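In what follows, a single structure is set out as structure tokens and then discussed.
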Amino acid sequence: MKFSTITTAIVSSAIAVSSTPIHKREIGGVLLCTGANATGTCNYSVYALDTCHQLAAPFHHNTSTFAPDGEAFECFPRIGDCGSICTSPTGCTFGSVDFDYANKFNLGAIQWNTLISSFDCSRKTTTASS
Ligand SMILES: *[C@@H]1O[C@H](CO)[C@@H](O)[C@H](O)[C@H]1NC(C)=O
Ligand SMILES: *[C@@H]1O[C@H](CO)[C@@H](O)[C@H](O)[C@H]1NC(C)=O
Ligand SMILES: *[C@@H]1O[C@H](CO)[C@@H](O)[C@H](O)[C@H]1NC(C)=O
């Protein structure tokens, strides 16, 4: 039958597509570079969420590129080292950095390239309660 021939062709092509390996990226990937526009010394890692990550040399106070991946998470660069006490109501950060953040390839635009000491990332919440 003509119909069953078409159905067989559709099913076999669907099998061919689904046999392609699918790699789901882990959430929390951030590219750090000492220079702007991903120049200088760079390090890409996937960072655990809701944990403070201390920057060491050469990145401590020396990070101009801070570029999170495109998944639904955001990061907060901090002036203080992990474990330091922050008394600022703004949390000693300039705010959230995500994939769409304008200065992610040039923190120097807001003078944070020489301030950043540590950072933490968290999943974005779609509801107001978190
Ligand atoms: C980064 O690259 C953009 C686009 O090429 C350029 O306009 C900008 O000046 C560069 N920024 C720095 C700090 O080099
Ligand atoms: C990159 O950063 C990760 C996490 O901080 C660290 O474990 C790793 O050693 C770094 N790699 C290099 C080449 O600096
Ligand atoms: C900043 O990073 C660059 C490139 O890795 C390095 O040459 C320089 O010594 C670093 N500066 C500081 C203050 O760590």
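Every number in this text was worked out from the coordinates using simple rules, so none of it is lab data. Because the structure is predicted, anything quoted here is derived from the model rather than measured. Counting neighbours? That spans all protein chains shown, and the Cβs are built from the backbone with ideal geometry, glycine included.
Key figures
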item: Cβ-defined net charge surrounding C86, 14 Å radius [Lys, Arg +1; Asp, Glu -1]; result: -1
item: T90-K24 pseudo-label distance in nm [points 7 Å out on the Cα-to-Cβ vector]; result: 3.7 nm
item: Segment 29-123, relative contact order [Cα under 8 Å, separation at least 6], %; result: 38 percent
